[in-house]
1. Dipole of the chain (Lys/Arg Cβ +1, Asp/Glu Cβ -1, origin at the Cα centre): which of P165, V63, V220 lies farthest to the positive side?
2. Using Cα positions and a limit of under 28 Å, work out the lysines in reach of K276, with same-chain residues fewer than 8 apart set aside.
3. So, with +1 on the Cβ of K and R and -1 on the Cβ of D and E, and no other charges, what is the size of the charge dipole of the chain about its Cα centre, to the nearest 20 debye?
4. Once the other residues with Cβ under 14 Å from the Cβ of S39 are scored (Lys, Arg +1; Asp, Glu -1), what is the net sum?
5. Of the listed pairs K30/K177; K71/K177; K103/K177; K153/K177; K103/K135, which have alpha-carbon separations greater than 21 Å here?
6. Assign one of three labels to segment 217-261, namely rounded, prolate or oblate, based on the Cα gyration tensor with a ≥ b ≥ c the square roots of its eigenvalues; rounded applies when a/c is under 1.5, prolate when it is not and a/b is larger than b/c, and oblate otherwise.
7. Within 15 Å, Cβ to Cβ, of G178, how many net charges do the neighbouring residues add up to if Lys/Arg are +1 and Asp/Glu are -1?
8. Give the aspartates and glutamates whose C-alpha is closer than 13 Å to that of K129, dropping any in the same chain fewer than 8 places away, or say none.
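No value in this document is a laboratory result; all are computed from the given coordinates. Every value quoted in this text rests on a predicted model; they were computed, and no experiment measured them. Cβ: placed from backbone, ideal geometry, glycine included. Neighbour counts: every protein chain shown.
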Amino acid sequence: MFNIDNDINSPYTFLGLFSGAGGLDLGFEKAGFIHTESSDILDCAVNTLKANRPNWNVLKCDVREYNPSFKDGLDVLLAGFPCQGFSLGGNRDVNDSRNYLYKEVIRIAQLLRPRVVVMENVLNLRTMKSPESGKNFAEHIASEMASIGYKTKYQFFRVSRFGVPQTRRRFIFICYKGENLNVFQFPQPDSETTIRNFLYDLGQDFSIKLPNHNPEWGFVSVAHKATNEPYSAGDIAVPVRFSRTASEGNPIRSFDEPFPAVDTATVWGWALGNVKAIRIEKDRDNSKFVRNPQSEAKLWRITASKLRAFTAREYARLQTFPDDWIFTGNNKRDLQLQIGNAVPVIFAKRIAQCVREGLEVIDGKREYIFHGQQLSLF
């Protein structure tokens, strides 16, 4: 059973916007913060939060129409605002209306006046330019926070250096009200986190019973083939990538490395027995499903005695959700959308611990100790 220890409770409160399946909110709870309210626009995400935390106040609403019921003395406002317009995995469209939902975070920060605002998004905020100012979106958002009295520090992270078994990169804004930003320090990186302690057991042992975990051999694909050949009793199942078959990098993954970034689209799974991955030239004149007729890229093809897709629980493990965190939805797409869009819980907890330490320094509960170079102060 995979779990995350809870820190000792603190007197500090948090409120979550764009909470999704709860990765950022849960990380702050695990760091000892007290929940006040969470909200999201998706039914499945709201239902997931309510299923796991029936005592939480969870609202389904469009953030543009949201007025929080908690209005007195909030410590931390959390906001993982949508990344699709910024992300290389999305349209990367400067005019995508979702790019400007950060303005709702600023509106609500003005209303609540929390001591700290934490925002999370993708790395590309460093490069995409805001048409309003010509600055990159990171600088532009920091300047808007300054206009309402918050100083901002931002940094990007490869989360495999912070307890998460994937190379996903995230961009974090930390905004302290007034002159208090100098007490905050981002977490220091560790060595790379591999997938072995997160996935190996679920790949080999079908007897493990967990929520959102019903493994079944029999993955069907036009690209990858289960041969049903005999295999040795000592063979182990290995994780493989089924989609993005032209991607660089062998789709057979090692247990002793971090995973590539888990997202809402890539299909991962397991292969057992006589596992092979080869690259072929696709007949782009006569084949079906040709996305780029001009491409000359070779495509990966996997064969093995057995194939199966990841369960939602296996994706959740890679996002470091505890095994008792249940995901609700009408189909697999609902589950993968929630899990893929989430902030990894262990990484969220690491950020939360740093925010808590900063608040404790301000309140005279902790001595300030400088941990090393801190970057991107606005």
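1. V220
2. List returned: K225, K288, K298, K306, K332.
3. 760
4. -2
5. Listed pairs above 21 Å: K30/K177.
6. It comes out oblate by the Cα gyration axes.
7. Within the 15 Å Cβ shell, the charges total +2.
8. Partners within reach: D93, D96, E139.
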